[in-house]
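Here, each number is a calculation from the coordinates, and none is a lab measurement. Because the structure is a prediction, the values reported are computed rather than measured. Cβ sites come from the backbone with ideal geometry, for glycine too, and all protein chains shown count toward neighbours.
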Amino acid sequence: MALHQTVYKIADSTWWQRKGSYARAATRLCYWLATPQRMSRRLELARQRYSSGGWPAVGDLLAAPFAPPAMRPRAGFSYGKWISSYDTLSGADRSAIRRHIAAMPRRPQISVVVPAYQTPARILRETIESVRGQVYPHWELCIVDDASPSSHVTDILREQAALDSRIRWIRRETNGGIAEATNSALALATGEFVALLDHDDLLAERALYEIAAELERHPATDLLFSDEDKVDERGRRSEPYFKPEYSYDLLLGQNLINHLAVYRRALLERVGGLDPSLDGSQDYDLALRAIEAIDPSRIRHIPFVLYHWRQESGGGSFSQRRLEACLRNARMAVRRHLDRMGHSAAKVSEAPLARIWNRVEWPVPDPAPLVTVIVPTRDRAALLRSCMDGLLRKTAYPALEIIVVDNGSVEDDALALLDTLEQDDRVRILRVDGEFNYSALNNLAARQARGDILLLLNNDIEVIADDWLNELVSLAVRPDIGAVGAKLLYGSGKIQHAGVRLGAGSFENGPGIAGHIGLFRSATDPGYFGHLGLTRDVGAVTGACLAIRREVYEAVGGLDDTRLKVAFNDVDLCMKVRQHGLRVVWTPNAVLYHLESASRPSDDRPDTRDRFHRECRFMQASWRGELLNDPFYSPNFDNAAEDFALAWPPRQRTSWERWRNLR
């Protein structure tokens, strides 16, 4: 057993809990002494916590190992205990759910559609029983035997239909495959909504209730999807996928909608059911065709595990046996979707770091729009020289103007460098004396920019590959996207920025402000379900490298140069962009080095601390709701812990608790 697992096992013991904080502190000290190789990472994490929430956030980090087990961040190996604590219904829960159902003004009928073929008897019975065991009673099960060679499938369906009149079934005369069989099952459906269930998978007991509860809150919804996990032959659950809210670009990268996917039946009829030519990825294709027909506001994510995807030890599912065919069909589904949407110039390929998923390369317009790169600086000539060398000599993008905003450089080598740079027709130097006000420096340059796209860039950025700006521009020009961020690495090659999660840490008994996703992970790590290797929506991106159309920057008022002179102005900008109805996207396909804050003072110095705390308080006052509820970071994760650690308890209340509190 690994050392960290041993530590957690001891911490869960009765002895540990009785001995209290002194024993825990002593054990933690021993653990730190036994693992000195991690000390530099701990210190850097403490510095990051301070940046997100000041000394209280650092205190939370130091106190976490000594906290009672229920409050401590957990790793994936404790998922079973998390299920027992937060994802297992009690008798009182079931009673509350039934009271809520009885009080619903509308109780939509949900048709559960299942294509079955040669399903092992035990597994088929378990799948059917997971539907019959739903707490929500307003369902029908529409199941089709796709001409199974063995008679037991038909025998079981006949038997189950005799036991429950809500079960409707037919047997096809010929085997047509998953899509054809699903379409036959859809023809049996009479419900207002349709849930898709594979013949060997399981629904959580509360699944259809949570669908109905979400529809009660959002009756105009056309498409719903939930979190999911995997279940083995012994019923053991693992690998939960706690998903973000709907993200179009993430959907292009992976089938975010499955599982559980629930569609308004009228929508399925409008898009024409499933395509048999894409068996294995027919559900992906269906999701893509469905989103083409509806507004994104009519898509809802339910942050509970409502679907258990069975993993047979022998690799028995269609997708496991024919993975390569499924991947080809998945990319074909995305290709056809892009063609239908008029994006035939976009290219679809495997994602470099997550090869079972997809990368979409969007085209840069021809002619390429002018990009104004804004680089604030003060002295530190070596940093600026490296940054400018990357822009002027190592960047392939053809249409650049660079505005270097010199905030009072006095060192001779810096002044000489600025004079040299000014000889290049692509470079302008703005000289601005006075205190360091990052927001004001960028706003001044933005007002003088000629480019249609602004790129906010720190002077401690170093270019790695020459195509980075093409990637950022290809996303920034899309009309539904407001801001784009890049993948930034420390000089060591570890990840420094893979998007920003809102509310990370804590500050003055409230949420923290923000923290970087992917911190210290390997540059080649695809991350949690590919999230470090796929383009996706995020709550915010760092201003160290941020692309934004000039019209958007002006529409939202640019950076706040009065109340956020140094810290969190980039997060605030992204919040305003999203409030403006546009998306904030991070891409792993524009990669640069970032020597973070190498050229500006730390926020924990006595002369900067008061300013930093004022900026934290302003962010809390302005965006508290958003900081508490980042739509792209699951409430099942602990926002005070490292990335993707389970929350104990989850930050989202159950539907029956929310209903009970509204009464």
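Among Thr154, Thr377, which comes first, second and so on when ranked by fewest other beta-carbon atoms within 10 Å?
Values: Thr154 16, Thr377 25.
Taking fewest neighbouring Cβ atoms as first place, the list is Thr154, Thr377.
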(request) Go through the range 519-535 residue by residue and turn each phi into a ³J(HN,Hα) via Karplus (6.51, -1.76, 1.60, θ = phi - 60°); whole Hz please, and just put x for glycine and proline. (result) 3, 6, 6, 4, 4, 9, 6, x, x, 4, 6, x, 6, 9, x, 10, 5
(message) If you average the C-alpha positions of the range 519-590 and of the range 379-395 separately, how far apart do those two centres end up, in angstrom?
(response) 23 Å
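What is the packing order of peptides 609-616, 328-335, taking the mean over residues of other C-beta atoms within 10 Å and listing the highest first? Present the calculation step by step, with values, prior to reporting the outcome.
Details: 609-616: 16.6, 328-335: 20.1.
Ranked from most to least packed, the peptides come out as 328-335, 609-616.
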(message) Suppose the Debye formula is applied to equal point scatterers at every Cα of the range 425-513; what is log10 I(q)/I(0) at q = 0.13, 0.26 Å⁻¹?
(response) -0.67, -1.34
(request) Kindly write out, for the range 441-458 in residue order, the coupling ³J(HN,Hα) from the Karplus curve 6.51 cos²θ - 1.76 cosθ + 1.60 (θ = phi - 60°), rounded to whole Hz, with x marking Gly and Pro. (result) 4, 5, 4, 4, 5, 4, 5, 9, 6, 9, x, 6, 10, 9, 10, 7, 9, 6
(request) Please pull out the direction-averaged projected area of the range 207-282, using the convex hull of its alpha-carbon atoms, in nm² to one decimal place. (result) 6.8 nm²
(message) Considering just Cα atoms, how many Å³ per residue does the convex hull of the range 104-340 enclose?
(response) 118 Å³
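As a check on your grasp of the helix formula, calculate [θ] at 222 nm for the chain: sum -39500 (n - 2.57) over DSSP H runs of n ≥ 4, divide by the residue count, round to the nearest 500. If you can, show how the numbers build up before the last one.
Numbers: 22 runs with 259 residues, N = 663.
Rounded to the nearest 500, the figure is -12000 deg cm²/dmol.
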(message) I want to check the label-to-label distance for Gln118 and Lys347. Put each point 7 Å from Cα in the C-beta direction and report it in nm to one decimal.
(response) 4.0 nm
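Sorting Ser130, Ser247, Ser344 on the 10 Å Cβ count, fewest up front, what's the list?
Working: Ser130 19, Ser247 22, Ser344 11.
Fewest-to-most Cβ neighbours within 10 Å comes out as Ser344, Ser130, Ser247.
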(request) Please report Rg over Rh for the range 371-628, where both radii come from the alpha carbon positions and Rh follows the Kirkwood definition. (result) 0.94
(request) Averaging over all projection directions, find the projected area of the Cα convex hull of the range 321-438 and quote it in nm² with one decimal place. (result) 10.9 nm²
(message) Under the 0.36 nm per residue contour assumption, what length would be gained going from the current alpha-carbon distance of Asp433 and Leu163 to full extension?
(response) 89.0 nm
(message) If amide hydrogens are placed 1.01 Å from N in the peptide plane, which non-local residues have theirs closer than 5 Å to the one on Asn636?
(response) Arg651
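Restricting to the chain, compute how many DSSP beta bridges are antiparallel as a %, nearest 5.
Working: 39 of 87 bridges.
So the antiparallel bridges amount to about 45 percent of the total.
Just how many % of Cα pairs in the chain lie over 35 Å apart, if you round to the nearest whole percent? Write out the running numbers ahead of the final one.
Numbers: 103525 of 219453 pairs.
I get 47 percent for the Cα pairs in the chain exceeding 35 Å.
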(request) Kindly express, to the nearest 10 degrees and within the range 0 to 90, the angle between helix 178-188's C-alpha long axis and the longest C-alpha principal axis of the chain. (result) 60 degrees
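Taking Rh as the Kirkwood radius, which is the inverse of the mean 1/r over Cα pairs, what is the Rg/Rh value for the range 212-355? Write down the numbers at each step before the final one.
Values: Rg = 15.6 Å, Rh = 16.3 Å.
Taking Rh as the inverse mean 1/r over Cα pairs, Rg/Rh reads 0.96.
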(message) Given axes a ≥ b ≥ c from the Cα gyration tensor, I'd like to know whether the range 473-555 is rounded (a/c under 1.5), prolate (a/b larger than b/c) or oblate.
(response) oblate
(message) Using a 10 Å cut-off around each Cβ, can you sort Lys487, Lys565, Lys494, Lys576 from fewest to most neighbouring Cβ atoms?
(response) Lys494, Lys565, Lys576, Lys487
(request) Pull up all non-local amide H partners of Gly408: gap of 5 or more, or a different chain, and H-to-H distance under 5 Å with H placed in the peptide plane. (result) Val432
